[in-house]
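The values are calculated or read from the model by the stated rules, or taken from the named source; none is laboratory data. Owing to the predicted nature of the structure, the values given are computational and were not obtained by experimental measurement. Using ideal geometry, Cβ is built from the backbone for each residue, glycine included, and neighbour counts are taken over all protein chains shown. For accessibility, only protein heavy atoms count, side chains too; no ligands or nucleic acids. Shrake-Rupley method; radii C 1.70, N 1.55, O 1.52, S 1.80 Å.
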Amino acid sequence: PNLLLNKEIEGRKVAEKMVRESEERYRSLAKHVADGIMLVQGSKLLFANDAFLFMFGYSHENEIIGKNVFNLISDEFKENYRKIIKQFAAIENSDQNYGKTMEIFQGMCISKEGRKFWVEAHNTPIKWYGKSALLCAMRDINERKLNEIKTQERADSLYKENVKLRSSIKD
């Protein structure tokens, strides 16, 4: 009986070590990836990597963990993110959708200092300690989005000018 108990204890120690190493490996990957990574359950922020903290102007994870994710989103885009949370809630009961990226969120977020900036976020439902969670990989697209807006404004202006010129030519 002692030999069997010793083997069982040894097996558990090996399994625990493997789990710890696996968690460290994934935590290291998430910590050092260039995109901002956050993990959300309900609407509460559970994890944020260094890139996410930097993007939002936080110096330490403790400043943001436990906060409501909607506090990071600009008012005019909160409803868009609510739709993603609702979509997530609808698939929570279906294990077949875990690990599949959902609708991409593109909107403005708010930094710690109140600066608004554009982000693109890829949301993936996962299981986190046996509970449903949303893994979000976020990229700051502020410069690209501002250039797109500027280009669209120029195109609109040129179109209006073109319509005016055609009208004056007819006259």
With +1 on the Cβ of every Lys and Arg and -1 on the Cβ of every Asp and Glu, the dipole magnitude of segment 81-171 about its Cα centre, in debye rounded to the nearest 20, is 140
About its Cα centre, the chain carries a charge dipole, from +1 on Lys and Arg Cβ atoms and -1 on Asp and Glu Cβ atoms, whose size in debye to the nearest 20 is 200
For segment 6-13, Karplus-derived ³J(HN,Hα) couplings (6.51, -1.76, 1.60; θ = phi - 60°; whole Hz; x for glycine and proline) come out as 4, 5, 5, 4, 4, x, 5, 4
The answer for trypsin sites (Lys or Arg not before Pro) in segment 79-171 that fall in a DSSP coil and have at most 10 neighbouring Cβ atoms within 10 Å is 100
The chain, Gaussian network, Cα under 10 Å: of 48, 137, 34, the residue fluctuating most is 34
Mean accessible area per residue over segment 6-52 (1.4 angstrom probe, all protein chains present, square angstrom) is 70
The answer for segment 81-171, accessible area per residue at 1.4 Å probe in Å², is 70
One checks the Cα atoms of segment 46-171 and finds Rg and Dmax, in Å, of 19.9, 73
Taking Cα pairs closer than 8 Å and at least 6 residues apart, the relative contact order of segment 111-171 in percent is 25
A 1.4 Å probe over the protein heavy atoms gives segment 117-171 a carbon and sulfur accessible-area percentage of 54
Fraction of alpha-carbon pairs in segment 98-152 farther than 19 Å apart, rounded to whole percent, equals 42
So the number of lysine pairs in segment 1-69 with alpha-carbon atoms under 27 angstrom apart, 8 or more residues apart or on different chains, is 6
Comparing 146, 53, 39 in a Gaussian network model of the chain (Cα, 10 Å), the one with the largest mean-square fluctuation is 146
For segment 62-171, averaging the sequence separation of alpha carbon pairs under 8 Å that lie six or more residues apart and dividing by its residue count, the contact order in percent is 18
Expected max-MSF residue from 158, 135, 45 in the GNM of the chain (alpha carbon, under 10 Å) is 158
Listed by chain and number, the aspartates and glutamates with an alpha carbon less than 18 angstrom from that of residue 131, same-chain partners under 8 positions apart left out, are 23, 92, 95
